[in-house]
1. Out of (1) closer than 21 Å to SER317 by Cβ; (2) more than 11 Å from the chain's Cα centre (by Cα); (3) small (Gly, Ala, Ser); (4) not in a helix (DSSP H, G or I), the odd one out for GLY167 is which?
2. Can you name every residue in the range 1-38 that is of a type in the set (D, E, K, R), assigned to a loop (DSSP other than H, G, I, E, B) and at pLDDT 95 or above?
3. Has the range 297-317 got any residue that is in contact with a Leu (Cβ under 9 Å, 6 or more places away or on another chain), in contact (Cβ under 8 Å) with a residue 40 or more places away in the chain and more than 25 Å from ALA249 (Cα to Cα)?
4. Please name all residue pairs, on different chains or six or more residues apart, with Cβ atoms under 6 Å, provided the first residue is in the range 24-37 and is open to solvent by 90 Å² or more (accessible area, probe 1.4 Å) and the second residue is of a type in the set (Lys, Arg) and assigned to a loop (DSSP other than H, G, I, E, B).
5. For the range 1-38, name all the residues that are within 21 Å of the chain's Cα centre (by Cα) and among the acidic types (Asp, Glu).
6. As an exercise: evaluate VAL223 against (1) within 15 Å of ILE324 (Cβ to Cβ); (2) touching a residue at least 40 places away in the same chain (Cβ under 8 Å); (3) assigned to a helix (DSSP H, G or I) and give the number of the one condition it does not meet.
7. Just give me the residues in the range 169-191 being touching a Pro at 6+ places or on another chain (Cβ under 8 Å) and within 19 Å of PRO55 (Cβ to Cβ), in sequence order.
8. From the residues in the range 39-79 that are closer than 20 Å to LEU2 by Cα and part of a strand (DSSP E or B), which one is farthest from the chain's Cα centre (by Cα)?
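The values are calculated or read from the model by the stated rules, or taken from the named source; none is laboratory data. No experiment lies behind these values; they were computed from the predicted model shown. Note: ideal-geometry Cβ built from the backbone for every residue, glycine included; neighbour counts use all protein chains shown. Surface accessibility is based on the protein's heavy atoms, side chains included, excluding ligands, DNA and RNA. Shrake-Rupley method; radii C 1.70, N 1.55, O 1.52, S 1.80 Å.
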Amino acid sequence: MLRCGLLGGKLGHSYSPAIHHELGDYAYRLYEKTPEELPAFLTGGSFDGLNVTIPYKKAVMPYCAALSETARRVGCVNTLVRRADGTLYGDNTDVFGFARMLHTTGVRPEGKKALVFGSGGASATACDVLGRAGAQVVCISRSGADNYENLSRHRDAQILVNTTPLGMYPNNGAAPADLRAFPHCACVLDVIYNPARTALLLQAEALGIPHAGGLEMLVAQAVRSSEQFTGCTIPDARIAEITRTLSRAMQNIVLIGMPGCGKSTVGSILSEKTGRPLYDLDLLIAERAGMSAAEIIRTRGEAHFRDLETDICIEISAKSNCIIACGGGTVLRPENRNALRQNGCIVYLKRALDALATDGRPLSSSADALRKMYEKRRPIYEAAADIIVPECASADEGAARTLAAFKERDWCKI
């Protein structure tokens, strides 16, 4: 059996093994190596094919007996193949992956000004693809003529690309720039794939700018790498298929709705059916505070409760492949909505007012208070939701409808 894998510095949250499991019948391992370990590993012959990631895309080049034209042009390698004579051949399949990601936006780069944030291997790849497609490319780095301190000189940029780690898990929420500073921006690309929607992509989505994240790029380059490992051709249709499968597996199912609508119960059923862990935000808040949500609100005030809720919401939302049951007011804060949308498919469990449980809920203890709360929150729930599940006869039905709608989503448009 072929011995393949991913070479890098820190690889704890890689999706590459899951992708390659779908592509071919070969072993695929993660090889975390220090710079000191790199020479012996590359010359030791313990692998047949490798993908290469940060920080070794340039460091492996001197060990290659031959390079593809693409790798020579771009100046970095992300695919290594050990040839029959034991020597290494280096290629750059990221170029194909980035071109595929750009294509999904429908934006043509010819004649457009493109800003590429970062100066590493992924930046070189993006600059190559965009430049060869006719864009005017400017690379933004921490030093040099074009840097983060003088971005205002590039307000006319029409394509923005993030190739830095800013916004990558576990440091979710960061972004290299504010898109509002680029009034002509027509396309945003982010090579990060975890979270699925970085802060940069969430802002592009809010502004109605065509955008794409790095998952399809990751899958596409893996397909081209696998072809080199095995010598077998893989249909391009497999890229979309695997992207959909992986996207669905990565995404959290986030339940929102009025207090007493059954989010915790539905969440528990979904967790049992899918094997995904359940995170009930109200229970987590109570555990951290040492008292129930109702007691926190009564003794310390709603503002204190909301601050605790935001801290925990941001922490839990960074996870993947989970069920998250939100409190009734979680999505009232924009920062919470953005956090939940990073890796989440948001499901609004809609329920009639007279069917809502109110016991032990100080903010909705009377019919009048409940009605006013519903009138205020309903449009926020609907705007935040990716899926709306209407009134159901039981929690089991609500869970079944949620799961069916989740599976039917168009995962290529996440």
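1. (2)
2. Residues of the range 1-38 of a type in the set (D, E, K, R): 3, 10, 22, 25, 29, 32-33, 36-37.
Right, trim to assigned to a loop (DSSP other than H, G, I, E, B) and you get 10, 25, 33, 36-37.
Correct list: LYS33, GLU36, GLU37.
3. Yes, the range 297-317 contains at least one residue that is in contact with a Leu (Cβ under 9 Å, 6 or more places away or on another chain), in contact (Cβ under 8 Å) with a residue 40 or more places away in the chain and more than 25 Å from ALA249 (Cα to Cα).
4. none
5. GLU22
6. Every condition holds for VAL223 apart from (1).
7. Kept after step one, since they are touching a Pro at 6+ places or on another chain (Cβ under 8 Å), are these residues of the range 169-191: 169, 171-172, 186-188.
TYR169, ASN171, listed by residue number.
8. In this case the residue turns out to be CYS64.
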